[in-house]
Amino acid sequence: MAGRLDIRQALRVFQIVTRHGSRKEHEYHFRGIAASSDFDGYNLTLRDDVVALNIYFHNKYAFHGGSSGAVERFIDRLKSIDSAEPG
């Protein structure tokens, strides 16, 4: 499950969401994914309505919420957003 996460891909998706998403309060929203960070940018969060992915300093990460199937769908959504980005 979580072993399938490509951390570089997740970081690219974070940039895509913050670049192309709409800002609502303290986070950006793009294609069903919300992205936010703490005040210094060391800890990032990507989430949908079920699963949250926290990315910590030194690329450590943790999933919160949802079943293993929900995490898999979340990872697939990240892949979809990353593959649709031109360039």
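Readers should treat all values here as calculations from the given coordinates under stated rules, not as data from a laboratory. Everything numeric here is computed off the predicted structure, so don't read it as measured data. Glycine also receives a Cβ, built like all others from the backbone with ideal geometry; neighbour counts cover every protein chain displayed.
Structure summary
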item: Relative contact order computed over the chain (Cα-Cα under 8 Å; 6+ residues apart), in percent; result: 24 percent
item: Extension gain from residue 30 to residue 58, taking 0.36 nm per residue of separation minus the Cα-Cα distance; result: 7.6 nm
item: Dimensionless Rg/Rh of the chain - Kirkwood Rh, Rg from C-alpha atoms; result: 0.93
item: Approximate spin-label separation residue 79-residue 40, in nm, with each point projected 7 Å along Cα-to-Cβ; result: 3.5 nm
